[in-house]
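> Let me give you the structure first, and then I'll get to my questions.
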Amino acid sequence: MNNLKHRLSNLAGKTSREMKPAIKKSIMAAVTVAALSFSAGSAALAAESDLTTVYYVYVNDKFIGTVADKTQVEKLVESELATAKTAFADLNVDLGLDISFVPEQVFSSAAESNTSEVLNVLKDEINVQAEASALVIGDKPVAYVKDQEAADQVLKTLKLEHVTEEELAAVENRKKSPNLALPVAKENETRLLDVRFTQEVSKSNEKVDPEKVLSVEEAVQLLKKGTLEEKKYQVKEGDVLGSIASAHKLELAQMLSLNKGLDENSVLKPGQELNVTVLKPFVEVVVDRQVYAKEEVAFEKEVVEDSSMFKGDTKKKQEGKAGMKGITYALTEQNGRVIKKDVIKEVVLEEPVKEIVIKGTKVVPSRGDGTFVWPTNGGYVSSRQGYRWSRMHKGIDIARPSNYTIKAADNGKVTYAGNKGDGYGNKIIIDHQNGYQTMYAHLASISVSPGQTVSRGSQIGIMGRTGNSTGIHLHFEVYQNGRIIDPMSKLQ
């Protein structure tokens, strides 16, 4: 028995001094079993030998030291875990540690422990982790939320920004029965065919730093914008848009698109904040729709010439009427923008009715056709129709032509040629026999007489400054059915 006690003592001493750094759990278990067997077989010898138990502490299969009382380690772990759970109450967290103890019975005189060192090492090894659901695009996790339910809510929220809850539910139900025929959209109907993302988004369960776990709202914004922090720049004295854009590696057009209300000529003020972050969404929402719409079909116009009607006169033989067609479109939208539009089906609901207009071609030298030529050889409008000097200026003034010849604006008969002393000086009035009359005033001389027939573009006088005039020019007025109109609406 003394020999057995000696061998056990030597083994215990060797284990505690030489084998600790590289101790294997299987050996420790064997030693423990041997010690326990020895104790059970000879309780008197164990008591007499004064055996004690020490614990070899392993973290993630790495030996970190020996403690005499493992409850100190357990209390530290429990305390740190409680702190983590309080800090991240809505997450399932752990310390990221796999702690194991390997007990060994040794003689008290040979027992060694370094509890304080073990506790310090444990604190350094603690890496609080939370169970999370990762939203993965391609093979890259781009956002973490607390669980699969939250991940599903993020993706649903993104889709619901572009479709209704009812539409989304209908699409998802249809995907469960892919062979179910989809009826064609009817009048005033928009049928949702599919809702998807521009890139495949998958989910995976991971353990991450709890600080990286986002709320559903934050994850939605991150996927939409590509960032949770939009950088701002505060304008300094002397800054211009171009230099700010260049400093942030932006084109000026990008800079302007990020800051609504600014243009190239905007004056910046010191302290003004500008957005300098170009948003790059991780994903966008693609919506396929089937839309039925009624659209007008334009009617054709046909002109029939009639030699018995005066040139310039027209009348409608048949009123035109727009037709109607029903069109079923397949639309594809990306984040609300239509990127594709195809016609699936088109049906004429009502045929259009052609408009038929009869146009006169009969030419009478004394009758105009309603189309006016410029009454001078060039020149410019020095004064338009409208109120001037607190009274109505009934016509337009034309000045500085290439020569002073005045021409008839259209065919007609001269009804007045002279000077009434009414401020117009020498003037000519022509009746174009079609509802239009023209007047030419301030002439230096008149070349026609009342009752004379004149043709479009023929000379009727010379520009002057007679009457109330401050310089050489033509005052030109146009009347339609006795009502004065703006000459510029008729002149070619």
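> Restricting attention to the range 122-137, which residues are assigned to a helix (DSSP H, G or I) and either out of contact with any strand residue (DSSP E or B) (no Cβ under 8 Å at 6 or more places or on another chain) or at pLDDT 95 or above (or both)?
Within the range 122-137, Lys123, Asp124 qualify.
> To continue, here is another question. For a quick check of your reading: which strands (runs of 3 or more DSSP E) sit entirely within the range 432-492 and have at least 2 residues that are at pLDDT 95 or above and more than 60 Å from the chain's Cα centre (by Cα)?
Where strands (runs of 3 or more DSSP E) fall fully within the range 432-492 and carry at least 2 residues being at pLDDT 95 or above and more than 60 Å from the chain's Cα centre (by Cα), they are 436-446, 459-463.
> Test of understanding: among Arg391, Arg400, which residue is farther than 28 Å from Arg191 by Cα, in the same structural domain as Thr453 (by TED's automatic domain parsing) and modelled with pLDDT under 95?
That would be Arg391, the only listed residue that is farther than 28 Å from Arg191 by Cα, in the same structural domain as Thr453 (by TED's automatic domain parsing) and modelled with pLDDT under 95.
> On to the next question. Would you check which residues across the range 262-278 are under 22 Å from the mean Cα position of the chain (by Cα), loosely packed, with under 11 Cβ neighbours inside 10 Å and modelled with pLDDT of 90 or more and list them?
Glu273
> Could you list, in sequence order, the residues of the range 138-162 that are surrounded by fewer than 18 Cβ atoms within 10 Å (Cβ to Cβ), among the aliphatic types (A, V, I, L, M) and assigned to a strand (DSSP E or B)?
Selection gives Val142 alone.
> Let me ask something else. Just give me the residues in the range 97-114 being closer than 18 Å to Val208 by Cβ and surrounded by fewer than 16 Cβ atoms within 10 Å (Cβ to Cβ), in sequence order.
Selection gives Asp98 alone.
> Select, from Lys341, Lys345, the only residue that is part of a strand (DSSP E or B), in contact (Cβ under 8 Å) with a residue 40 or more places away in the chain and surrounded by fewer than 14 Cβ atoms within 10 Å (Cβ to Cβ).
Values: Lys341 fails: in contact (Cβ under 8 Å) with a residue 40 or more places away in the chain.
Only one candidate qualifies: Lys345.
> Now for a separate question. Can you name every residue in the range 293-338 that is under 30 Å from Lys224 (Cβ atoms) and outside any strand (DSSP E or B)?
Asn335, Gly336
> Give the number of residues within the range 53-79 that are β-branched (Val, Ile, Thr), surrounded by 14 or more Cβ atoms within 10 Å (Cβ to Cβ) and over 12 Å from Leu97 (Cβ atoms).
Matching residues across the range 53-79 total 4.
The values are calculated or read from the model by the stated rules, or taken from the named source; none is laboratory data. Note that the structure is a prediction, hence the values are computed from the model and not measured. In this analysis, Cβ positions are derived from the backbone assuming ideal geometry, glycine residues included, and neighbour counts consider all displayed protein chains.
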